[in-house]
1. Gap in Å between the Cα centre of the stretch 610-653 and the Cα centre of the stretch 491-533?
2. On average over all directions, what projected area in square nanometres does the stretch 83-166 have, based on the convex hull of its Cα atoms?
3. Whole-Hz Karplus ³J(HN,Hα) for the stretch 193-199, in order, using 6.51 cos²θ - 1.76 cosθ + 1.60 and θ = phi - 60°, x for Gly and Pro?
4. Would you mind checking the stretch 123-147 for residues with the amide N under 19 Å from a putative spin-label position 7 Å along Cα→C-beta of Thr157?
5. Along the charge dipole of the stretch 550-683, Cβ charges K/R +1 and D/E -1, which of Pro670, Thr683, His592 sits furthest on the positive end?
6. Pairs of Cα atoms under 8 Å, at least six residues apart: use those to get the relative contact order of the chain, whole percent.
7. From the Cα gyration tensor of the stretch 541-601, with a ≥ b ≥ c the square roots of its eigenvalues, which class applies: rounded if a/c is under 1.5, or else prolate if a/b is larger than b/c, or else oblate?
8. Given H placed 1.01 Å from N in the peptide plane, which residues other than close sequence neighbours of Ala563 have an amide H under 5 Å from its amide H?
Amino acid sequence: MRSIIAISTSLLLLQLAACRQPERKLTSLVDPFLGTGGHGHVYPGATVPFGMVQLSPDNGDEGWDWCAGYHYSSNTIAGFSHMHLSGTGIGDWCDISILPLTDTGSVQEEKIKLPFSHANESAAPGYYQVTLDNGVRTELTATDRTGYHRYHFPNGTGWLRFDMGFRINWDAPTAGMLELVNDSTLIGYRYSTGWAKGQKVYFAARFSSPVQALQFIHDSVRTNNQAQGKMVKALLQFNNTPALQVQVSLSTVSTAKALQELATQQGRSFDWVRTEADTRWEAELRKIQVQHTEAHRDTLFYTALYRTCLAPVISSDADGTYQTHDNKVNRFTAGKNKYTIFSQWDVFRALNPLFTLTQPERLPDMLNSMLQFYDDNGLLPVWDISSWEANTMTGYHSIPILADAMLKGIKGFDYSKAYEAMKKSAFQNQRGTPEYIRYGYLPQDKHGWSVTITLEYAYDDWCIAQVAKLLGNEADYKLFMQRAASYKNLFDPSTGFFRSKNSNGQFVEPFDPLHSEHGFDGQYIEGTAWQHSFFVPHDLDGFAALHGGSAQLVAKLDALFNAPSELRGENVSADVTGLIGQYAHGNEPSHHIIYMYTLLGQPEKAAHWLRVVADSMYKTGPDGLIGNDDCGQMSAWYIWTSLGFYPMNPAAGDYVFGYPLIESARLQLPNGKELQIQVKKKTKQPTRITGVQLNGKEVPVRSIHHRQLLEGGTLVLELG
């Protein structure tokens, strides 16, 4: 009897212990190396959510796949710099580079590339470490505006080379300065031009051990402990410092401001900052807690969620001051932080709608940063990098981002000013806009990328119309709804594609739907007629009518996935990756297409292709991304799709159902409520969502609105 009681007691204790097990640590599920190979163009280094500092290794190699400074195929490191772009297609930044050395034999070289092995490298959110083949172990972590380094020199003596001339790809230094203020403080700046013109970055660095010797390299002007020059470098020697700690604070305004930021870091240790960074990332990831039956999907989901928090990034100092590309020092007063890196052509589709759920505190600052850009430059940003308008890609897609926020009732920014800025973009005297207004489409003989621009302007104009209606401006509503129908003017019923016309109203010949032209003279940007001929997210009924009805549009979608996976032309776009037929998931124009099946009454086809894409285009490991992550858009698609729905029209507030990859989820909502998503399988091998209930009430298997999600409670997705 006693043994039975003892066994029962033991079982009870085991059950209680299991119940008390701590929740899993979500940061441990993130792999910063995922996507650093292939064409992912992401960096593995240390940063905090949306931080100004992205402290990461640079291989010293160049080319398209080194847009983030690092590619997993390389086996050298040429420095650890403080600013990096995540998942873009153009290389820039890599400012304020530091390289640890154990000898001075090669210090005069413009670029020193030290070998390393990936076996001696690891990373986690907010932390990166590597042991170079020279024996120096490097550890990196960060706060919002300060990078923290810890260097372990094998013999206690070592050197750091600060390089203001370090550059990759399109970037080139225009001026640099380095000054040793005292035996433990170095200040400096780097000015550069490239994708971002007139870029200026200032820094102040503090060392845990005194500098024993100073040598300037490649300078053109020198006075005492200061040197200037486009390629200027400083070699600093440290003795008896087996673990040298370095704090490097950044500013966009001046070295004095960088010193002020550095002063706020006084008393903080490397380990404390690393722990704080991890805590911040854990809090960020806990906004969406999911369960999967397959362990690898945890890594895919949380790495994707991590990547949605890497852009935009803070660009103002702690007091709100920032410097523009044309040397104006302004103060951002509309919020806590001003941001840069607005890759609007990419992120308006899924990332910014995700922010309306996951970033309620930061989103108003981001929107006000766009309006500040409007104040500083006269138009809303198309592609804002370091306050410079890169004007990269098509459309005026700050508009759907602002419209989405306004239509969802998000507060904290001026609706009237936002509407004024929208209309300014819609009537700008550049980027083919006057011709688009005059002809009702953009003629190819007036401007390249005419099909893409016409379709995207039509969508953006629909967004303006909805805001006009919200604000009670009926005349503008009618005007922009008329412009929103401009997509119809380029439809060719004989081929079923949107095609370029010249100003005489005739289609451009010859026509090949598999033709890709990467240059400015192409008819479709970064894609073919197949990929761009489905961009009518605002008027699916009207779009279907062009094809002869919903059944015919479904047939066209079927043909998309069965078309030859071939690109023709002399200058094919490298961005068109992840082909299934002519569906190209590695680039943004395809991201909404599968969800059209659901709205056209074919949810089983949506479910099928979503599973195919999720399984084949998102994998673990360095080659895990099929294309550029594009500041988090590729990752945002995976987050939405995993949850079972997607913002097919990014400004409508509706999320179209697809097929969930999760078993369950808990979402922290902006209003403080919680939404639980439960997935119930009615059969062993379900093929689609067959039923949806929100808090016990049936929801059509079509879409769910943002305001419905904000009710919180339980959303049940039945699979059958």
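A short reminder: the numbers here are calculations on the coordinates, not readings from a lab. Quick caveat: nothing in here was measured; it's all calculated off a predicted structure. For neighbour counting, all protein chains shown are included, and Cβ atoms are generated from backbone atoms with ideal geometry for every residue, glycine included.
1. Measuring centre to centre over Cα atoms gives 27 Å.
2. Values: hull surface 26.2 nm².
Approximately 6.6 nm², given one-decimal rounding.
3. Each residue of the stretch 193-199 in turn: 9, x, 4, 9, 8, x, 7 Hz.
4. Zone members listed by number: 134-137.
5. Comparing the listed Cα positions along the dipole, Thr683 ranks first.
6. On the way: 1707 pairs, mean separation 83.9, N = 720.
Relative contact order for the chain comes out at 12 percent.
7. Details: a/c = 2.39, a/b = 1.98, b/c = 1.21.
Note, shape of the stretch 541-601 comes out prolate.
8. Distant-sequence amide H within range of Ala563: Gln582.
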